[in-house]
1. Helix 33-48 versus the longest principal axis of the chain: what is the Cα-based angle in degrees, 0 to 90, to the nearest 10?
2. So which trypsin sites (Lys or Arg not before Pro) in the stretch 68-155 are both in a DSSP loop and have at most 14 other Cβ atoms within 10 Å of their Cβ?
3. Using Cα centres only, tell me the gap between the stretch 1-53 and the stretch 123-148 in whole Å.
4. When the dipole is taken about the Cα centre of the stretch 164-274, and only Lys, Arg (+1) and Asp, Glu (-1) are charged at their Cβ, what size is it in debye, to the nearest 20?
5. For Cα pairs less than 8 Å apart in space and 6+ apart in sequence, what is the mean separation divided by the residue count of the chain, i.e. the relative contact order in percent?
6. What lysines could a cross-link reach from Lys51, if we take a straight Cα to Cα line under 18 Å and drop same-chain neighbours fewer than 8 places away?
7. Using DSSP to call loops (not H, G, I, E or B), can you name the trypsin sites (Lys or Arg not before Pro) in the stretch 205-271 whose Cβ has at most 11 other Cβ atoms within 10 angstrom?
8. Can you tell me the Rg and Dmax of the chain, counting just the alpha carbons, in angstroms?
Amino acid sequence: MIVGIDIGGSTTDAVLLRDGEEIIVVTIETGDPLAAAAGALGKLLSTAGGKLADIQAIAVSGGGARCLEEVLFGVPVIKVPEIHAIGVGGSSLAHKSSALVVSLGTGTALVSVEGERIEHVGGTGVGGGTLLGLARHLLGVTRLDTLEEMASQGDLSRIDLTVGDIAGGPVGIVPASATASNFGKVRSDPTPADKALALINMVAEVIFTVSIMAARARHHQEIVLTGKLTRVKRLRERIEAVHPRRGESFLIPPYAEFATAIGAARAVIQSVAS
Ligand SMILES: Nc1ncnc2c1ncn2[C@@H]1O[C@H](COP(=O)(O)OP(=O)(O)OP(=O)(O)O)[C@@H](O)[C@H]1O
Ligand SMILES: [Mg+2]
């Protein structure tokens, strides 16, 4: 058995792969990276009913991986660069040999996969951390489910400025409904619900805009979304509602939330097999 652990900026995920396929997953919050890795491993084994001795290797990735030594509880630790883990995880879960894989985590990372070739295209600091941080600063809300609940009553037309608001209709290829300026309608008084919706909408719009540009730069048609921010229903729906003119498509594969941990484990399995 191979265990994959992703020690991310917000959460630590651990996955157990049996025969590279059957997947068992657990998540805990990342506090201290070493404690998080040890805790996630313990939780995983108790969930799966396995023993430490059954684990051949622990593949670790994510920002906290550097805090681990070469061995954890007597099991060899293999460090997998995060970009590689994101690429392998997203593309294998989506069954694509070529795709742009986007990790929607605390921040957002964009990874190009073309067969064996996995490259970091770039990223943006606008991501899940931004959503939680601004929710706290603007609204005093710390829970994502509270933010989502608030957003369900929101109205974007009181807070975002559209192209139609400015130009009175579409401009060239841009429809009247497109956002001209997120939070740009300064002359109206939005409610907290409007702000909650506009915040989710802004993070979604930044992510899909940079994703489409990166996909075009690297000639990808498929954009695979991974990471825990994909759990936020409104954000997911906003991105899925986008129909780019050049036909790029977004997809969220099963286990997308755990893609980096799964990718780390699969990368180690592949390197042993090759
Ligand atoms: N149950 C959840 N627990 C924590 N964060 C969640 C949850 N559901 C959604 N999120 C959102 O997802 C973000 C974390 O995503 P994820 O766990 O994929 O990132 P990470 O791996 O910790 O970070 P990074 O990859 O940027 O280092 C949070 O910032 C939050 O906005
Ligand atoms: Mg991550």
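1. Value to nearest ten degrees: 70.
2. Within the stretch 68-155, the qualifying trypsin sites (Lys or Arg not before Pro) (loop, at most 14 other Cβ atoms within 10 Å) are Arg143.
3. 26 Å
4. Computed charge dipole of the stretch 164-274: roughly 140 debye.
5. 22 percent
6. Excluding near neighbours in sequence, the set is Lys43.
7. Arg245, Arg246
8. Spelled out, the Cα radius of gyration and Dmax of the chain are 20.1, 68 Å.
The numbers here are math on the coordinates, done by the rules we state, and not lab data. The structure presented is a predicted model; accordingly, all values stated were derived computationally and were not measured. Note that each Cβ is placed from the backbone with ideal geometry, even for glycine, and that neighbours are counted across all protein chains shown.
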